C-alpha cells in the first residue's frame with residue numbers, strides 16, 4: 001500500500017527529482033541565500049534546495065496535509081507550512097528566490113499565486129517555475145492522453161494540454177503581468193527509465209495527478225483498453241526503456 005508521497009515518488013517523482021536541479025540552477029542561488037518552494041508536494045525540489053543551502057535556509061508550502069507531513073519528516077530543520085500559493089504565510093521580501101515546480105497550472109488563482117511569490121521575494125531576487133510541455137514534449141503524459149482520447153470521448157476533455165499557463169507565451173504573460181522583469185522562458189529536458197511497461201502503468205493506477213485520477217475512474221474493461229492503447233502508442237516491449245520529458249522554465253526578477 002502506497003501513501004500519497006510514495007505514490008507521487010513512484011510516478012511523477014521519477015522526473016521531478018531530476019528536473020529540480022535545473023529549476024534550482026535557474027534561480028542563481030548562492031550559499032547563505034534563503035529560498036521558498038511553493039507547492040512542494042513530497043519534496044523533490046525542497047530536497048535540492050536543502051542540499052544546496054541547508055535546511056535552515058529553506059521553506060516550503062503545500063495545501064496537502066499528507067505532503068506537508070512527508071516533507072517535515074524528510075527535511076527536519078526546514079520550515080514546512082500548509083498553505084496555498086495564493087496566501088503565503090511569509091513576510092514581504094523574505095526570500096532571495098521563490099521557486100515552484102509543476103504547480104503553476106494547478107493553482108486555483110495563478111495570477112494571485114505569482115503575485116504572492118513576487119511579494120515574498122526580495123528586490124533583485126528571482127521567481128522561477130517549471131511546467132510540463134503537455135502539448136508535445138512530456139512523452140509519458142502526451143501518449144497517455146492521446147490513448148485516452150482514442151478509447152473514450154472523455155479523454156480529450158481531461159487532457160492536461162487544455163490547462164492554462166502551460167505554454168511559453170502564457171507563462172511569459174503571467175510573469176510579466178505580475179510585474180516581474182527580465183522575463184524569459186527556456187526548456188529543460190529530463191529522462192526517466194522504467195523496468196518494463198508494467199513499471200510505468202502501476203504509477204497511473206495509483207491515481208496520481210489528472211492522468212492517474214482519470215485512470216482509476218474507469219471501469220476495468222475501459223481501463224484495460226486504455227492500457228493496451230497506451231502501450232501500443234509508446235511502442236515498448238517487455239524490457240527496460242526510457243522516456244523523455246520537456247518542461248518550460250519561466251524566470252523573472254523582482
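What follows draws every value from the coordinates through simple rules; no lab data is involved. Treat the numbers as computed from the prediction; the structure is a model and nothing was measured. Reconstructed Cβ throughout: ideal geometry from the backbone, glycine too, with neighbour counts over all protein chains shown.
Give me the angle, in degrees from 0 to 90, between the Cα long axis of helix 13-26 and the longest principal axis of the Cα atoms of the chain, rounded to the nearest 10.
Helix 13-26 sits roughly 30 degrees off the main axis of the chain.
Extending each Cα 7 Å along its Cβ direction at residue 92 and residue 177, get the distance between those two points in nm, one decimal.
2.3
Between helix 220-234 and the chain, what is the angle of the helix's C-alpha long axis to the longest principal axis, kept within 0 to 90° and rounded to the nearest 10?
80
With contacts defined as alpha carbon pairs under 8 Å and 6 or more residues apart, what's the relative contact order of the chain in percent?
Details: 504 pairs, mean separation 54.0, N = 254.
Computed value for the chain: 21 percent relative contact order.
For the residues 95, 144, what sequence is obtained by ranking on other C-beta atoms within 10 Å, fewest first?
Numbers: 95 23, 144 27.
Least crowded to most crowded, the residues run 95, 144.
Taking 25 Å as R0, compute the FRET efficiency from the Cβ-Cβ separation of residue 82 and residue 122 and round it to 0.05.
On the way: r = 24 Å, r/R0 = 0.97.
The pair residue 82/residue 122 has a calculated efficiency of 0.55.
Under the rule a/c < 1.5 gives rounded, and otherwise a/b versus b/c splits prolate from oblate, where does the range 66-139 land using the Cα gyration tensor? Provide the component values of the computation, followed by the final result.
Working: a/c = 1.74, a/b = 1.17, b/c = 1.49.
Note, shape of the range 66-139 comes out oblate.
For 71, 40, what ranking results if the residue with the fewest other Cβ atoms within 10 Å of its Cβ goes first? Could the numbers behind the result be given before it?
Values: 71 26, 40 30.
If I rank by nearby Cβ atoms, fewest first, I get 71, 40.
Please work out the C-alpha center-to-center distance from the range 32-92 to the range 136-183 and express it in whole Å.
25
Would you mind getting me the FRET efficiency between residue 187 and residue 164? Use the beta-carbon distance for r and R0 = 25 Å, nearest 0.05. It would help to have the intermediate numbers written out before the result.
Values: r = 19 Å, r/R0 = 0.77.
Efficiency, rounded to the nearest 0.05: 0.85.
For the residue pair residue 199 and residue 51, what label-to-label distance in nm results when each label sits 7 Å from Cα along the Cα-to-beta-carbon direction?
2.0
Roughly how many Å is it from the Cα centre of the range 194-233 to that of the range 93-127, as a whole number?
33
Expressed as an acute angle from 0 to 90° and rounded to the nearest 10, what is the orientation of the C-alpha long axis of helix 44-53 relative to the principal long axis of the chain?
That works out to roughly 30 degrees.
Which of 134, 230, 194 ends up with the largest GNM mean-square fluctuation for the chain, with Cα atoms connected below 10 Å?
Maximum among the listed residues: 194.
When the helix-only estimate is applied to the chain (DSSP H runs of n ≥ 4, each -39,500 (n - 2.57), divided by the residue count), what is the mean residue ellipticity at 222 nm, nearest 500 deg cm²/dmol? Present the calculation step by step, with values, prior to reporting the outcome.
Working: 11 runs with 112 residues, N = 254.
Helices in the chain give a 222 nm mean residue ellipticity of -13000 deg cm²/dmol.
I need the calculated FRET efficiency for the pair residue 156 and residue 220, taking r as the beta carbon distance and R₀ as 22 Å, to the nearest 0.05. Don't jump to the answer; show the numbers that get you there.
On the way: r = 22 Å, r/R0 = 0.98.
It comes to 0.55.
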